[in-house]
Amino acid sequence: MIKSKVPNIKTSIFAVMTSMAKEYNAVNLSQGFPDFQISNDLISLVNKYMSEGFNQYAPMPGVPELRNELSKKTEKQYSRKYNPDTEITITAGGTQALHSAISTIVREGDEVIIFEPAYDSYAPVVKLNGGRPVYIKLKQPDYLIDWEEVNKGVNSNTRLIIINTPHNPTGKVFSEEDMISLKKVVSGTNILILSDEVYEHIVFDGKNHNSIAKYPELADRSILVYSFGKMYHATGWKVGYCMAPEKIMSEIRKVHQFTVFAVNTPVQYALAEFIKREEEYLSLSDFYQEKRDFFNDMLTKIGFDVVPASGTYFQAVNFNTLTDETDFQLAERLVKKFGIAAVPMSSFYHNDENTKTLRFCFAKTDDILEQAAERLENFYSQAKKQLNLF
Ligand SMILES: Cc1ncc(COP(=O)(O)O)c(C=O)c1O
């Protein structure tokens, strides 16, 4: 028998909820995948490169044409130039970029600050590498960061701080003040930053995405992670990239090289061409803001108290006043009795913190969102009736 290196890891909650959603024929707003067709032009480009014979291994760090385009895009958007030859690597989705970056940096005994609720892939990789996650909670209902607490959480063992903006699962976006506070925390230390920016193009209400690339003192010590899955409704393609100063990226590439070596060749060539059409990704914020508003308006009319997400395609909804159940119990009952699947926020905390909040993915067609709202209305009216009985 083998001794597990990560004994506490269970089957991902997304897989659990999705299989329950299938079993109970529920509307599935649990898993975070966009339910939209990808561009036909992008498909044609992949076909073109396949037909033209671009089917063998790509260069280890990625196709140069794509890295060049990414370098230009980043410089235009965030005013920092990443050298395409030495500072940009194409990865098998954001997931592999995160895995390779954490594996490169974290050693036995290192502490890594993770804000909770957190996307589920950070802590396991930290632990696999012998590191110790140090969890700091975002403060409800606006999921603000208490930077004083972060300051207190830092010590000589702190090696890495992981940030994620726009933030999955809460929809929070980091403000300029957050970035300034982060700068103060790391100044004079050797702490590195891993900035997960896979939702960079999904930011609402005229806010800006505060990429860490915009802050030179931070960018000099940061690894930035992105995903084409989120940019092009193509999460199944598993192609993403990371960027970091050369001295960090040269080490990440050593790990990347022996993790996947290289990523899908024709898709990279197709992306290198397609990414020149800025409007394709610059229109994402408006597209998803409409979805958020459509979904939230329905929930608000029903009577739910919703704090609108500022980015991503996730909406957190608090059920505090409607039930005494834990969010996990509620999520289970909603699937089984009302036919609607969502993710309990507790699954984004290491200690299953019960925040009485569920995460809904609104990257779905309007009719699916309407069906979801109808089912939530059924739940709401039953919950209210029961509350009035007492
Ligand atoms: C915050 C965050 N980071 C990283 C990823 C992983 O990206 P990819 O699907 O490209 O591996 C996701 C995917 O849901 C995510 O939500």
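Derivation of every value follows stated rules applied to the coordinates shown; laboratory data play no part. On a predicted model such as this, the values are computed, not experimentally measured, just so you know. All Cβ positions, glycine included, derive from the backbone under ideal geometry; neighbour counts span all protein chains shown.
Per-residue Karplus couplings for region 237-249, computed as 6.51 cos²θ - 1.76 cosθ + 1.60 with θ equal to phi - 60°, are listed in order as 6, 6, 10, x, 7, 10, 9, 6, x, 3, 5, 8, 5 Hz, Gly and Pro entered as x. Neighbours of E75 by Cβ distance under 14 Å: Lys/Arg scored +1, Asp/Glu scored -1, total +4.
Listed by chain and number, the aspartates and glutamates whose alpha-carbon sits under 20 Å from that of K356, ignoring those within fewer than 8 places in the same chain, are E116, D120, D142, D305, D324, E325, D327, E332, E377.
Pull up all non-local amide H partners of Y82: gap of 5 or more, or a different chain, and H-to-H distance under 5 Å with H placed in the peptide plane. Amide H neighbours of Y82: E75.
The relative contact order of region 233-390, computed from alpha carbon pairs under 8 Å that lie at least 6 residues apart in sequence, is 20 percent. When the P(r) of region 176-302 is calculated, the portion above 18 Å amounts to 65% of the C-alpha pairs. Once the Cα atoms are used to define both axes, helix 265-274 deviates from the longest principal axis of the chain by about 80 degrees. Karplus-derived 3J(HN,Hα) values for region 284-292, using 6.51 cos²θ - 1.76 cosθ + 1.60 with θ = phi - 60°, are 5, 4, 5, 4, 7, 5, 4, 5, 4 Hz; glycine and proline are entered as x. Highest average first, the peptides 15-21, 66-72, 228-234 ordered by how many other beta carbon atoms sit within 10 Å of their residues are 228-234, 66-72, 15-21. Take the cross-link list K184/K238; K5/K238; K22/K172 and give me the ones stretching past 27 Å between alpha-carbons. With Cα atoms farther than 27 Å apart: K184/K238; K22/K172. Measuring between alpha carbons in the structure, the pairs from K81/K207; K127/K336; K137/K214 lying more than 29 angstrom apart are K127/K336. Considering all C-alpha pairs of region 40-277, those separated by over 21 Å amount to 55%. Across region 200-281, the mean sequence separation of Cα contacts (distance under 8 Å, 6 or more residues apart), normalised by length, yields a relative contact order of 22 percent.
For the chain, the Cβ-based charge dipole about the Cα centre amounts to some 920 debye (Lys, Arg positive; Asp, Glu negative; other atoms uncharged). Counting every other Cβ atom within 10 Å of each residue's Cβ, V27, V317 order from fewest to most as V317, V27.
What is region 117-229 by shape, rounded, prolate or oblate, if you read a ≥ b ≥ c off the alpha carbon gyration tensor as root eigenvalues and call it rounded for a/c under 1.5, prolate for a/b larger than b/c, and oblate otherwise? The shape class here is rounded.
With K and R counted +1 and D and E -1, the other residues having a Cβ less than 14 Å from that of V260 yield a net charge of +3.
Relative to one another, the C-alpha centroids of region 98-164 and region 290-343 are positioned 27 Å apart.
Most tightly packed first, judged by the mean number of other beta-carbon atoms within 10 Å of their residues, the peptides 185-193, 146-154, 238-246 read 238-246, 185-193, 146-154. Note on S250 and S51: the model spin-label points, each 7 Å out from Cα along the C-beta direction, lie 4.4 nm apart.
Give the relative contact order (percent, whole number) for the chain; include only Cα pairs under 8 Å separated by 6+ residues.
Taking the mean separation of contacting Cα pairs over the length of the chain, I get 25 percent.
Put simply, the C-alpha atoms of region 316-390 give a gyration tensor, and the ellipsoid matching it has half-axes of 19, 19, 9 Å, longest first. Annotation: the antiparallel percentage among DSSP beta bridges lying fully within region 40-277 is about 30. Working note: Karplus 6.51/-1.76/1.60 with θ = phi - 60° gives region 77-91 the couplings 6, 10, 6, 10, 9, 9, 5, x, 6, 10, 10, 10, 10, 8, 10 Hz, where Gly and Pro are set to x. Close amide H contacts of D146 (hydrogens built in the peptide plane, cut-off under 5 Å, sequence separation of 5 or more or a different chain): K139. Taking amide H as placed 1.01 Å from N in the peptide plane, the amide H of S222 sits under 5 Å from that of I193, each at least 5 places away or on another chain. Put a dot 7 Å past the Cα of L282, heading toward its Cβ, do the same for F261, and the two dots end up 4.0 nm apart.
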